[in-house]
Amino acid sequence: QAKQAGRGKFNFYNSEISPEIKDKLEIDNQLRHALAKSECKVHYQPIVELESQKIVAAEALLRWNNSKLGQVPPDRFIPVAENNGLIRDLDQWTRRMAFSHAQFWAQDGKAIAVSVNVSAVDFEQTSLAHDIIQIIKNSELDPSMVSLEITESMLMKDPEHASDALQLLRNSGIKVAIDDFGTGYSCLAHLQTFPVNRLKIDRAFVSNMLKDANAKKIIAAIISLAHTLDMEVVAEGIETEPQRQELINMGCKLGQGYLFYAPMPADQFTELIAKQQQDADIDTAMH
Ligand code: C2E
Ligand code: MG
Ligand code: MG
Ligand code: MG
């Protein structure tokens, strides 16, 4: 018996590390040098008007291509970065890139708003809203063309802190969106008190809306909630034309998803909006 327990113990401390943990450790190691080795890039996914399919904004999404691990998706490296604290540098870098791209588009005469994701770890730092406001003040960017994507849990964890941060952002003209809306636990009474501009319907509801009556009802409820609270709605993860049609019928004005465009490198996005502008110019010239 004692021998057995002893052996168990021995195995516990010396057994092979599980592949999952190994994977995280490797990501952790490699991620520390990602920025210095220029392995990161920001991609942009267009946000369109559902009716006209015109591009009105872009969401900045971080991409990491590591020499050893290859392309690692954000869902794998963001949680690691949140754990080891690297998220602050990564998000700061992403924001700087996104803001400078947005400034470039604006100088080029294109009214494209840019949206960046904010990590919970970063948001809990009191200075985040203040820092972002400062960066935008020191740039030529119109604050109303910038939006920050936060999640419900970030609002609900410390509602007072969140409320203060959002109030600062609201006063500065920067927009705030709640990402993946419907998947967290929002307190509706609180939601009403937060100065939020936009709700983004989580793509799980959109992908199920035509086969699951409940998913569709939840979307209808979110759209109605948003309109009641004077917020915009963006549907995420639109992949089919019937989904687009149904969302238009339900009163949703904005969306993003593979049906329109996948996230793409900055150069490609810049070309895309230049072409959109050209087509619009030709259209006006002809009418
Ligand atoms: P998110 O902010 O909800 O971003 C939308 C995700 O949905 C992106 O995944 C996008 O590529 C994907 N997507 C867009 N349209 C479709 C579609 O039609 N079908 C499907 N199946 N997927 C679609 P991505 O780029 O892999 O990012 C995953 C998550 O990682 C993001 O979810 C966001 O929470 C986080 N993330 C990405 N970049 C950053 C960043 O720079 N900072 C932080 N803190 N988080 C980031
Ligand atoms: Mg997002
Ligand atoms: Mg989302
Ligand atoms: Mg998300």
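The values are calculated or read from the model by the stated rules, or taken from the named source; none is laboratory data. Please read these numbers as outputs of a predicted model, since none were measured by experiment. With ideal geometry, Cβ positions are generated from the backbone for all residues, glycine too; neighbour counts draw on all protein chains shown.
Take the residues of segment 131-170 that are of a type in the set (Lys, Arg) and within 20 Å of the chain's Cα centre (by Cα): which is surrounded by the fewest Cβ atoms within 10 Å (Cβ to Cβ)? The extreme case among them is 157.
Only one of the numbered conditions (1) more than 30 Å from residue 278 (Cα to Cα); (2) hydroxyl-bearing (Ser, Thr, Tyr); (3) part of a strand (DSSP E or B) is not met by residue 44, and that is (1). Only one of the numbered conditions (1) part of a loop (DSSP other than H, G, I, E, B); (2) touching a Leu at 6+ places or on another chain (Cβ under 6 Å) is violated by residue 233, and that is (1).
Checking 178, 136, 132 one by one, the residue that is free of Cβ contacts under 8 Å to residues at least 60 places away in the same chain and within 29 Å of residue 219 (Cβ to Cβ) is 178 and no other. Among the residues of segment 171-219, those that are surrounded by fewer than 21 Cβ atoms within 10 Å (Cβ to Cβ), more than 16 Å from ligand 4 (Cβ to nearest atom), at pLDDT 95 or above and under 24 Å from residue 114 (Cα atoms) comprise 171, 172, 173, 197. Selection of segment 169-203 for residues being more than 16 Å from ligand 3 (Cβ to nearest atom) and of a type in the set (D, E, K, R) yields only 170.
In the condition set (1) crowded, with 20+ Cβ neighbours inside 10 Å; (2) at pLDDT below 95, residue 62 is compliant with all but (2).
If you check residue 38 against the conditions, is it exposed (fewer than 14 other Cβ atoms within 10 Å of the Cβ), in contact with an Asp or Glu (Cβ under 9 Å, 6 or more places away or on another chain), farther than 30 Å from residue 255 by Cα and free of Cβ contacts under 8 Å to residues at least 60 places away in the same chain? So residue 38 fails the test. Exactly one residue among 266, 220, 226 is under 30 Å from residue 104 (Cα atoms) and either within 20 Å of the chain's Cα centre (by Cα) or not hydroxyl-bearing (Ser, Thr, Tyr) (or both), and that residue is 266.
Against the numbered list (1) within 19 Å of the chain's Cα centre (by Cα); (2) more than 30 Å from residue 106 (Cβ to Cβ); (3) not in a helix (DSSP H, G or I), residue 210 comes up short only at (1). The set of residues in segment 42-66 that are among the hydrophobic types (A, V, I, L, M, F, W, C) and in contact (Cβ under 8 Å) with a residue 60 or more places away in the chain comprises 42, 47, 48, 50, 55, 56, 57, 58, 61. May I ask you to list the residues in segment 27-69 that are of a type in the set (D, E, K, R) and over 18 Å from residue 118 (Cβ atoms)? Listed by number, the residues that qualify are 28, 32, 37, 39, 41, 49, 51, 54, 68. Restricting to segment 140-168, give me the number of residues that are more than 21 Å from residue 61 (Cβ to Cβ) and more than 16 Å from ligand 3 (Cβ to nearest atom). Residues flagged as more than 21 Å from residue 61 (Cβ to Cβ) and more than 16 Å from ligand 3 (Cβ to nearest atom) within segment 140-168 amount to 17.
For segment 117-134, does any single residue satisfy the condition of being modelled with pLDDT of 90 or more, among the hydroxyl-bearing types (Ser, Thr, Tyr) and away from ligand 4 (no atom under 16 Å from the Cβ)? There is no residue in segment 117-134 that is modelled with pLDDT of 90 or more, among the hydroxyl-bearing types (Ser, Thr, Tyr) and away from ligand 4 (no atom under 16 Å from the Cβ).
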